[in-house]
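Student: Once you've had a glance at the structure underneath, I'll fire off some questions.
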Amino acid sequence: MKKTIVTRRAGAKGAAFAGLMASTLLISAASAAAGEITVWCWDPNFNVAIMKEAGARYSAKHPGTTVKVVDFAKADVEQKLQTGLASGATDTLPDIVLIEDYGAQKYLQSFPGAFAPMSGKVDYKNFAPYKVELMTLEGKTYGMPFDTGTTALFYRKDIIEAAGFKPEDMQNLTWDRFLEIGKQVKEKTGKQLIPLDANDGGMTRIIMQAGGGWYFDKDGKLSITNNAPLKASLELQARLIKDGLAKLSNGWTDYAQNAVSGNVAGVLTGVWFTGTIKAQKDQSGKWGIAATPKPNVPAAVNASNLGGSSWYVLENSKEKDEAIDFLNEIYGKDNDFYQKILTERGAMGTMLGARTGAAYSAPDPFFGGEKVWQNFSDWLAKVPSVNYGVFTNELDTAVTAHLADLNKGAPIDKVLKDIEGQAEGLIQ
């Protein structure tokens, strides 16, 4: 809580004492009712701006409470959080911190008792199941679900139509059919299908989660050699490269530029890429969206995820109860808040109840009048729940290191075995 020290000068000792006591009581009462909730997060135009909006809404209803949002780079947030938790210096930490979903289990398992459970306080049934599962450990759920990385196939209608296809041909594709379309697009237009950064694990994760799998099984144990979704993911990327359907990219900037260059028929990525596409004003009306293609494995669906983060309250926070109440009131219940951050920031939350809002059902002229956000919200509810485990980043490193071997003709089973061997060394 905020603490205030007041000094007062009086002519009479008794009057001074009485006045000081009265002032102290008033200040103590004010302090008991008023607090400052400190939040750490990154990205001033997205997470920071959205949290400031949430804080303003809460403070309007709770005038004694303020929300202080501290903007750090993502790496700095992670480093400061890690250092504070490891050293036990929890007084250096904020009340609320943003954690990327891929790292949630790593923090929960590595620092038991560091984060406040919200089970029984938040109605988690109102959020996307996959999002809730990744913040649940040993029967307790931690954190307030925030944004989604629900994926879609963004495609150029003019390019696929030049190859003889219509928008309805792009819906609910299997990967086999998607690659067939890609071959015809290349043959008839000279354009490649999608950009691909083979040194990034994003595409591996998209395909793998659409297949209902991850690098780890439901119990968090390493799952590589007998992992059908991972095997399918690597084989499909190898086919993309071998058949010349992928516009190979080097790093994020190159990838994003290739996606909107007009030299590819589309891009398969998260909802947060919508703003990058819509920034190309001269391409308005040329884009469409479709569900994520599904791999040929038994549990596969036409939905997946790439990225996303959630808010966590520190157990030792002096403002713990108020911080949880703040998150629950705004992020857990305020439908209007979700409409505003969608229209103003392109932020799609994972609270399922927000899908009935006007912003979600509005047609988007840029995409030819398609109800883009409604489509994303429908796919959000279908994203498979998987265990991201503790070492997703380390597994990405192992996978990308050996994808090149597959492209050179190495048998898939050997590649998977090599990945497993490297992964075991990385996570020990």
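Values in this text are rule-based calculations from the coordinates and carry no lab data. Owing to the predicted nature of the structure, the values given are computational and were not obtained by experimental measurement. All Cβ positions, glycine included, derive from the backbone under ideal geometry; neighbour counts span all protein chains shown.
Student: Among the listed pairs LYS242/LYS414; LYS125/LYS333; LYS125/LYS318; LYS191/LYS286, give every one whose C-alpha distance is greater than 24 Å.
Tutor: Working: LYS242/LYS414 19 Å; LYS125/LYS333 12 Å; LYS125/LYS318 28 Å; LYS191/LYS286 15 Å.
Violating the 24 Å Cα-Cα cut-off are LYS125/LYS318.
Student: For PRO365, what charge total do you get from the other residues with a beta carbon under 13 Å from its beta carbon, if Lys and Arg give +1 and Asp and Glu give -1? Don't skip to the answer; put the middle values down first.
Tutor: Numbers: positive: LYS278, LYS281, LYS286, LYS371; negative: ASP364, GLU370.
Charge balance in the 13 Å sphere: +2.
Student: What distance in nm separates the two pseudo spin-label positions at ASN45 and GLU394, each 7 Å out from Cα along the beta-carbon direction?
Tutor: 3.5
Student: Considering the chain as a Gaussian network with a 10 Å cut-off on Cα pairs, which listed residue, SER119, SER309, SER377, attains the greatest mean-square fluctuation?
Tutor: For the chain, modelled as a Gaussian network with Cα springs under 10 Å, the answer is SER119.
Student: To continue, here is another question. Return one number: the angle in degrees, 0 to 90 and rounded to the nearest 10, between the long axis of the Cα atoms of helix 412-426 and the longest principal axis of the Cα atoms of the chain.
Tutor: Once rounded, the angle reads 20 degrees.
Student: In nm, what is the difference between 0.36 nm times the number of residues separating THR276 and LYS218 and their Cα-Cα distance? Numbers along the way, then the final one.
Tutor: Details: separation 58, 0.36 × 58 = 20.88 nm, distance 3.44 nm.
Residue separation times 0.36 nm, minus the Cα-Cα distance, leaves 17.4 nm.
Student: Would you mind classifying the range 109-181 by shape? Square roots of the alpha carbon gyration tensor eigenvalues, ordered a ≥ b ≥ c; an a/c under 1.5 is rounded, otherwise it is prolate if a/b is larger than b/c and oblate if not.
Tutor: Numbers: a/c = 4.16, a/b = 3.43, b/c = 1.21.
Prolate, since a/c reaches 1.5 and a/b exceeds b/c.
Student: With both partners inside the chain, how many of the DSSP beta bridges are antiparallel, as a percent to the nearest 5? List each step's numbers first, then the result.
Tutor: On the way: 25 of 40 bridges.
Antiparallel bridges: around 60 percent, rounded to the nearest 5.
Student: Starting from the Cα-Cα distance between SER119 and GLU315, subtract it from 0.36 nm times their residue separation and give me the gain in nm to one decimal.
Tutor: Details: separation 196, 0.36 × 196 = 70.56 nm, distance 1.35 nm.
Gain in length upon complete extension: 69.2 nm.
Student: So, one more: Relative to the present Cα-Cα distance, how much length would full extension add between GLN283 and GLU161 at 0.36 nm per residue of separation? Before the final figure, lay out each step's value.
Tutor: On the way: separation 122, 0.36 × 122 = 43.92 nm, distance 1.52 nm.
Net length gain for the segment: 42.4 nm.
Student: A further question on this structure: Which entries of LYS140/LYS218; LYS188/LYS231; LYS74/LYS382 have Cα-Cα distances beyond 22 Å here? Don't jump to the answer; show the numbers that get you there.
Tutor: Details: LYS140/LYS218 16 Å; LYS188/LYS231 31 Å; LYS74/LYS382 28 Å.
Violating the 22 Å limit, Cα to Cα: LYS188/LYS231; LYS74/LYS382.
Student: Here are some values of Cα extents along the principal axes in Å: (i) 76, 65, 46; (ii) 96, 51, 35; (iii) 72, 63, 36. Which one was computed from this structure?
Tutor: After the calculation, the listed value that fits is (ii).
Student: When the helices in the chain are scored as -39500 (n - 2.57) per DSSP H run of 4 or longer and the sum is shared across all residues, what 222 nm value do you end up with, to the nearest 500 deg cm²/dmol? All intermediate terms of the calculation are to be shown ahead of the outcome.
Tutor: Numbers: 17 runs with 184 residues, N = 428.
Helix contribution divided over all residues of the chain: -13000 deg cm²/dmol.
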